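The values are calculated or read from the model by the stated rules, or taken from the named source; none is laboratory data. Please read all numbers here as calculations on a predicted model, not as lab measurements. Please note: Cβ atoms are built from the backbone with ideal geometry, for glycine as well, and neighbour counts cover all protein chains shown.
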Amino acid sequence: MKKSIIILLTLVATSMNAQENKIVPQISVSGEGKVKVAPDQVVINLGVQNTGKDAAEVKKMNDETVDKVVKYIKKFGIPTSDFQTTNVSLYKSYDQEKKKHNFQASQTLTITLKDIKKYDELMMGLIETGINSINGVEFKSSKLEEHKVASRKQAVLDAKKKAEDFVSVLNQKVGKAIMITDNSQAYFPAMYDTMNYGREEINYSKKETVAIGEIEIITNINVTFILE
């Protein structure tokens with residue numbers, strides 16, 4: 001009797017293992033979604049720098065220019081939530097050629113302009129306040145999250161289409177997805193130029209001075225489907 005029970009349990013265990021080890025036909029493919037949009041916002045990084053022999057005088061010169069910049073930004077209609085000081089520094093440096101010490105004061109600010117059509121007008125006014133460096137501009141979209149959703153959906157559809165293409169010659173069908181892996185990397189094309197100049201070198205007029213281009217929102221995924 002005991003021997004019969006042992007044999008029965010062994011058969012049940014063997015059957016269960018066979019079911020667990022049963023190979024499920026499946027296919028893994030990659031998919032890509034890509035959405036191109038025209039940016040409607042621009043983030044501007046600019047700075048003010050002054051150099052001189054006296055630390056207090058240099059800082060005073062810098063502060064006076066920054067005060068003009070901030071007042072102009074407010075007058076332009078940009079809300080306080082859309083501009084911010086990002087760095088303030090004052091340090092002593094040594095000029096090897098002239099064999100003397102100098103002090104350099106600098107301050108950088110970041111402005112988010114939500115009406116990209118006013119970019120040239122804003123920049124022309126900022127130059128007149130006395131800024132002497134533009135550290136870069138970055139173009140963005142206010143509807144970025146919506147575009148991300150569209151890109152993800154495109155990636156899934158692309159993966160499913162690939163899977164269907166592969167199995168179409170095998171007389172099989174693509175079943176439900178059992179795994180989705182997101183391999184996307186954040187990438188937002190932007191223009192980064194660093195410019196330093198004196199005011200006498202500026203010759204601004206009402207021209208289009210930047211090529212806005214398009215932003216690409218790209219989603220890359222891997223999907224595993226069951227084959228039926």
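Laid out as a table, the results:
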quantity	calculated
Matching residues, the range 99-120, being of a type outside the set (Asp, Glu) and out of contact with any strand residue (DSSP E or B) (no Cβ under 7 Å at 6 or more places or on another chain)	Lys99, Lys100, Lys117, Lys118
Residue in the range 94-110 that is surrounded by the most Cβ atoms within 10 Å (Cβ to Cβ), counting only those that are under 22 Å from the mean Cα position of the chain (by Cα) and among the polar types (S, T, N, Q)	Thr108
Tally of residues being under 16 Å from the mean Cα position of the chain (by Cα), of a type in the set (Asp, Glu) and buried (at least 17 other Cβ atoms within 10 Å of the Cβ) across the range 111-170	1
Unique residue being modelled with pLDDT under 65, of a type outside the set (Val, Ile, Thr) and over 30 Å from Lys114 (Cα atoms) when the list is Ala56, Ala13	Ala13
